[in-house]
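Have a look at the structure below before the remarks.
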Amino acid sequence: MTGWIEIGALDDIPRLGSRVVRTPHGNIAVFRTESDEVFALDDRCPHKGGPLSQGIVHNKRVTCPLHNFVIELASGQAVAPDEGCTHTHPAKVENGVVWLSVRQAVPVS
Amino acid sequence: MLDKVTKQKLVVIGNGMAGIRTVEALLERAPDLYDITVFGSEPYGNYNRILLSPVLAGEKTVDDIMLNTVDWYEDNNITLRKGETITMIDRRTCEVVTEAGARVPYDRLLIATGSNPIMLPLPGKDLPGVIGFRDIYDVDRMIKASTDYRNAVVIGGGLLGLEAANGLMKRGMSVTVVHLLDTLMERQLDPVAGGLLRKSLEERGMVFKMPAQTQAILGEDRVTGVRFADGTELPADLVVMAVGIRPNFELAKKAGLYCERGIVVSDTMQTYDGRIYAVGECVQHRRQTYGLVAPLFDQAKVCANHLAMKGFATYDGSVTSTKLKVTGIDLFSAGDFAPGPDKEEIVLQDANRGVYKRIILKDKKIVGAVLYGDTIDGPWYFQHLRDGTDVSHMRERLVFGAANLGEGGVSGQSSVAAMSDETEICGCNGVCKGAIVKAITDKKLFTLDDVRAHTKASSSCGSCTGLVEQVLAFTLGGDYSAAPKVKPLCKCTDHSHDDVRRVIVEQNLKTIPAVMRFMEWKTLNGCHSCRPALNYYLLATWPGEYVDDQQSRFINERVHANIQKDGTYSVVPRMWGGVTTPSELRAIADVAEKFNIPTVKVTGGQRIDLLGVKKEDLPAVWADLNDAGMVSGHAYAKGLRTVKTCVGSEWCRFGTQDSTGLGIKIEKFMWGSWTPAKVKLGVSGCPRNCAEATCKDVGVVCVDSGYEIHFAGAAGLHIKGTEFLTKVETEDECLEVIVALTQLYREEGWYLERMYKWCDRVGLEQIRKRVVDNVENRKALFARFAYSQQFAQSDPWSERARSGVDRNEFAPLAELEIA
Ligand SMILES: Cc1cc2nc3c(=O)[nH]c(=O)nc-3n(C[C@H](O)[C@H](O)[C@H](O)COP(=O)(O)OP(=O)(O)OC[C@H]3O[C@@H](n4cnc5c(N)ncnc54)[C@H](O)[C@@H]3O)c2cc1C
Ligand code: SF4
Ligand code: SF4
Ligand code: FES
């Protein structure tokens, strides 16, 4: 896992929206809730890899734009009845600045 | 009259639905005969147990479901001893004994102890968090669990289990229903209806594990999971057992009364001890036990009759029908529907409407019915079933219901008109149409609540509310305007699309949060279904004023391109009327090469699609297309898409009018407008119809003498030819009608409801009246459309390519170079 990396200003992410952070391992979607919490997830839906960053954010969930899987931002878990989980990364806001710590995905055996 | 001292003592054990209904009926017949004492284990007056499901679902409160408050007992001189359980019946001394040891004598005793939920004898069944679903106490515990925990498992996919699961889900829990068999509610439904039910519950988020047998409940201090016979496990913080009920007859049995599966009673509801009566779920009558209120209320009537010493009534058993009380799901089942060699069935299945009906006949009579999706005719079938009517003369049309048999028109109201006075409307309370009509006219009733109070119809499970309202409407004629039965906009609210649209206008609501606050949305920010709908409604209601909420737009409308399965986008520039030029084509070719766009394809709407554009390239692609004079084709929008044309009189030897020119004119006037769902137009130059205008949302077919306007066609998931709206003589009139029609649709359509569905719902004549016949209204509609266009007709591509609108949308927030 990397240390905390500054990735930008909170205001650069729309409320109930998301922005993408590029990494060599793929995109990470950083979400901002109505109450200004931030969450970071791999930008890949557990269903068929849809870009979650492009979905509609509601409460602490996002709906995938491709086939409407609903994903919990905190856990990356798909909300029942759908199944699957997206990799999450720690993220935080301090004084209006968003920090991210990139967690390598553990290969599934 | 008998005075107090000589009054006989009636003791009732069980302060529940059957016991108190018996007491009520007794008071009607012989108010002063007995000195009545009621014992009830639960610390309340009598409440409507059926409605525990809506209480659990948060649709009603405990106060709402009280049937007899403590005051009622006082007013009727009944001694209510709530919270006191009877532990023994001493038949020798004719006394009952309470838990605390008090003895109370009786002359007559009524046992109405109901039943208990069956708790499967599994390891772990006594862990905290494992409960049944029977009383207020259980519901309280479930509600509490739903705030503290997340995962619930409901064992049992019957009526009770599904209602519990639905309620818990509405309270925000993730719910899995475990069922032993592979059909839900198999006692009421056949596999097809069970499958439909499962599908719509799954759409609401319910999860099913079936067929599956539970083997153990896991956990140390509290339940943590459930294990199945196949070795799999599910996490669970709450387990609700809803596998059935067991008549509660221990007390009677201990007292030496004859019991089998319940307390055995005669046709007069007497046990083997003539002084002791029994009613409700605890009894067994002619080998039958019952678990629904309708038969219990029949029993209560008979029992009251005998207690009142008017001993002529007998109870002959009941045929029951069932409805599921899950808001938004219409389900009706009655009688015997198992297939058999001597039975015939009539099946109607309309997957599009989500309707399934199966009527089972035997010896020319209806013996069973399962209805899903459209249950309006349930009582009508049930009536014929109970009457044993010979239905052979109407066999062919039977499945279409009363309305289609000339027993009424098409609407529900007329099917109520077609019902005979004896048709039962309220199954729970056995109230027939005639009794309701009589109460309405004699007692001058006007509201549903009045009818409930006077007839008890619709006061138990509430499933017949719609029918009772129709009887009201039919009896009172024009005086009564009942709200038609409506479906909620989405899971986040109980309000319908129409309610929301109306309230936005009435309350002057101008933002999504304002609507959600005022209409008490159940979720914090709504969901992907309601937010885009609200955004559209606000936009359509307050043109020029409402600021479009980008975060409530589906991605395609937010970035003005169509997302593809790999996360890239497709770009479709507008080609007015499907006409292009060499320079436009050249520009498209250049763009495709410059940005390495992998696929260039001609669409069905007569334009060119550039597929596989990376999101970050979109603004630059648009800039180049803009430079060549092209704008967004809105191929992604719930709005005006294309106007497909043929070459018409300009080239075609059959052409009667300039169909291409008219198409372009319409498109130039209407582009940029947002609508409830996509709108596609077509203009054909003659009835050969090369532009396929008669399967479009709006289609024009040119003829020598003018223009025929058609609408409400579809050629997608559903295929439907258009309806003829009107014929006009000039291009300008044609434009006016089409624009006015579209505006009406914009103002009334439900979000995502295509024009043909709107037309289906509202009715062709209604629409024609307002768009064609009423010229003034047409002009007003036209003017409102034109007004809103001044705010809508700005090319979203150039706004983003040139004016930097939404710049953040297209660039990454950061690029990290981590190992
Ligand atoms: C959640 C739920 C949904 C339902 N939905 C429907 C529906 O849609 N349609 C339908 O027709 N039916 C429905 N039912 C069934 C219906 O509620 C019952 O059939 C009906 O309540 C039975 O009435 P009863 O008087 O026999 O028993 P109850 O209403 O259970 O009354 C028995 C009472 O006796 C008390 N008691 C028991 N033993 C003693 C004792 N020793 N001393 C003192 N008091 C005692 C109990 O505490 C209880 O209060 C539903 C039931 C539940 C639980
Ligand atoms: S619809 Fe009629 S006018 Fe148009 S191209 Fe076909 S034949 Fe010609
Ligand atoms: S028909 Fe189906 S697969 Fe083809 S473009 Fe339309 S949605 Fe996609
Ligand atoms: S890829 Fe996300 S729902 Fe299908």
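All of the numbers you see were taken from the coordinates with simple rules; none came from a lab. This is a predicted model, so every value here is computed, not measured. Every residue, glycine among them, receives a Cβ derived from its backbone with ideal geometry; neighbour counts consider all protein chains shown.
Amide H contacts under 5 Å for residue B:8: B:35, restricted to partners 5 or more places along the chain or on a different chain, H placed in the peptide plane at 1.01 Å from N. Taking each residue as 0.36 nm, the span from residue B:180 to residue B:545 lengthens on full extension beyond its C-alpha to C-alpha distance by 125.8 nm.
Please work out whether the stretch B:1-144 counts as rounded, prolate or oblate from its C-alpha gyration tensor, where a ≥ b ≥ c are the square roots of the eigenvalues and a/c under 1.5 means rounded, while otherwise a/b larger than b/c means prolate and anything else oblate?
oblate
What the phi angles of the stretch B:56-67 give under the Karplus curve with 6.51, -1.76 and 1.60, with θ = phi - 60°, is a coupling list of 4, 6, x, 8, 9, 10, 4, 4, 4, 9, 5, 9 Hz, glycine and proline written as x. Taking trypsin sites (Lys or Arg not before Pro) across the stretch B:770-819, the ones in a DSSP loop with at most 14 further Cβ atoms lying within 10 angstrom of their Cβ are B:802.
With angles folded into 0 to 90 degrees, how steeply does helix B:191-203 sit against the dominant principal axis of chain B? Use alpha carbons for both and round to 10. Its long axis makes an angle of about 60 degrees.
In the protein assembly as shown, if every C-alpha pair distance is counted and binned at 20 Å from zero, what percent goes to each bin? Binned Cα distances yield the sequence 12, 36, 33, 16, 3, 0. Each of B:186, A:83 was scored by other Cβ atoms within 10 Å of its Cβ. Arranged with the fewest first, they read A:83, B:186.
From largest to smallest, the equivalent ellipsoid semi-axes obtained for chain B from the alpha-carbon gyration tensor read 62, 32, 24 Å.
Counting charges near residue B:643 (Lys, Arg +1; Asp, Glu -1) among other residues having Cβ under 14 Å from its Cβ returns a value of +4.
Placing +1 on the Cβ of every Lys and Arg and -1 on the Cβ of every Asp and Glu, with no other charges, gives chain B a dipole of roughly 740 debye about its Cα centre. Computed from backbone phi, the HN-Hα couplings of the stretch B:327-343 come to 3, x, 10, 9, 8, 9, 8, 8, x, 10, 10, 5, x, x, x, 8, 10 Hz, rounded to whole numbers (Karplus: 6.51 cos²θ - 1.76 cosθ + 1.60, θ = phi - 60°; Gly and Pro given as x). A viscosity of 0.692 mPa s and a temperature of 37 °C, combined with the Kirkwood radius over C-alpha pairs in the Stokes-Einstein formula, give the stretch A:2-103 a diffusion coefficient of 249 µm²/s. Taken along the Cα-to-beta-carbon direction at a fixed 7 Å, the label points for residue A:83 and residue B:717 span 2.6 nm. Seen from residue B:268, the other residues with C-beta closer than 15 Å to its C-beta sum to a net charge of +2, counting Lys and Arg as +1 and Asp and Glu as -1. Between residue B:789 and residue B:579, the FRET efficiency from the beta-carbon distance, with R0 = 22 Å, is close to 0.50. The spacing between the stretch B:506-583 and the stretch B:60-88, judged by their C-alpha centroids, is 53 Å.
A crude spin-label estimate for the pair residue B:148 and residue B:287, with each label 7 Å from Cα along the Cβ direction, gives 4.7 nm. Take chain A and mark each of the trypsin sites (Lys or Arg not before Pro) that is in a DSSP loop with at most 16 other Cβ atoms within 10 Å; the longest unmarked stretch, sites excluded, is A:49-102. Across chain B, the relative contact order, built from alpha-carbon pairs under 8 Å that are at least six residues apart, equals 6 percent.
I want the antiparallel fraction of DSSP beta bridges within the protein assembly as shown, as a percent rounded to 5.
70 percent
Taking Cα atoms only, the orientation of helix B:582-594 departs from the longest principal axis of chain B by about 70 degrees.
Once the piece of chain linking residue B:254 and residue B:79 is laid out straight, how much longer is it, given 0.36 nm per residue of separation minus the C-alpha distance between them?
Full-extension gain reported as 60.5 nm.
The stretch between residue B:624 and residue B:487 holds 44.7 nm of extra length on full extension. This uses 0.36 nm per residue minus the Cα-Cα distance.
If a/c stays under 1.5 just call it rounded; otherwise compare a/b with b/c (prolate if a/b is bigger, oblate if not). Do that for the stretch B:497-553, with a ≥ b ≥ c from the square roots of the Cα gyration tensor eigenvalues. Oblate shape, in that a/c is at least 1.5 and b/c is the bigger or equal ratio. Equivalent ellipsoid of the stretch B:117-246: semi-axes from √(5λ) of the C-alpha gyration tensor, largest first, are 21, 16, 14 Å. Placing unit charges on the Cβ atoms of the charged side chains and taking the dipole of the protein assembly as shown about its Cα centre, the candidate lying farthest along the positive direction among B:582, B:526, B:156 is B:156. Among the residues of A:46-56, the average count of other protein chain beta-carbon atoms within 10 Å of the residue beta-carbon is 4. The fewest-to-most ranking of A:7, B:346, B:738 by surrounding Cβ atoms within 10 Å reads B:346, A:7, B:738.
Inter-label distance, residue B:447 to residue A:1: 5.9 nm, where each label sits 7 Å from its Cα along the C-beta direction.
In a reduced charge model with +1 at each Lys and Arg Cβ and -1 at each Asp and Glu Cβ, the protein assembly as shown shows a dipole moment near 900 debye about its Cα centre. For the stretch B:61-174, the alpha carbon convex hull comes to 172 Å³ per residue, rounded to a whole number.
Across the options B:783, A:20, B:755, the greatest Cα extent toward the positive end of the charge dipole of the protein assembly as shown (unit charges at beta carbon of Lys, Arg, Asp, Glu) belongs to B:755.
Backbone amide hydrogens, once placed in the peptide plane, bring residue B:727 within less than 5 Å of B:709, excluding anything fewer than 5 places away on its chain.
Among the listed pairs B:487/B:769; A:48/A:92; B:720/B:757; B:678/B:720; B:357/B:491; B:615/B:678, which are separated by more than 18 Å between their Cα atoms? Cα-Cα > 18 Å for B:487/B:769; A:48/A:92; B:357/B:491; B:615/B:678; rest within. Listed values for the stretch B:77-82 are Karplus-derived 3J(HN,Hα) couplings in whole Hz (6.51 cos²θ - 1.76 cosθ + 1.60, θ = phi - 60°), namely 6, 9, 8, 9, 10, 7, and x replaces Gly and Pro.
Test of the criteria: in the stretch B:267-300, which chymotrypsin sites (Phe, Trp or Tyr not before Pro) are in a DSSP loop and have at most 14 other Cβ atoms within 10 angstrom of their Cβ?
B:272
Legend: calculated FRET efficiency, residue A:93 to residue B:6, from the Cβ-Cβ distance at R0 = 60 Å, rounded to 0.05, equals 0.15. Loop-resident GluC sites (Glu not before Pro) (DSSP state other than H, G, I, E or B) in the stretch B:202-238 with no more than 14 further Cβ atoms inside 10 Å of their Cβ: B:220.
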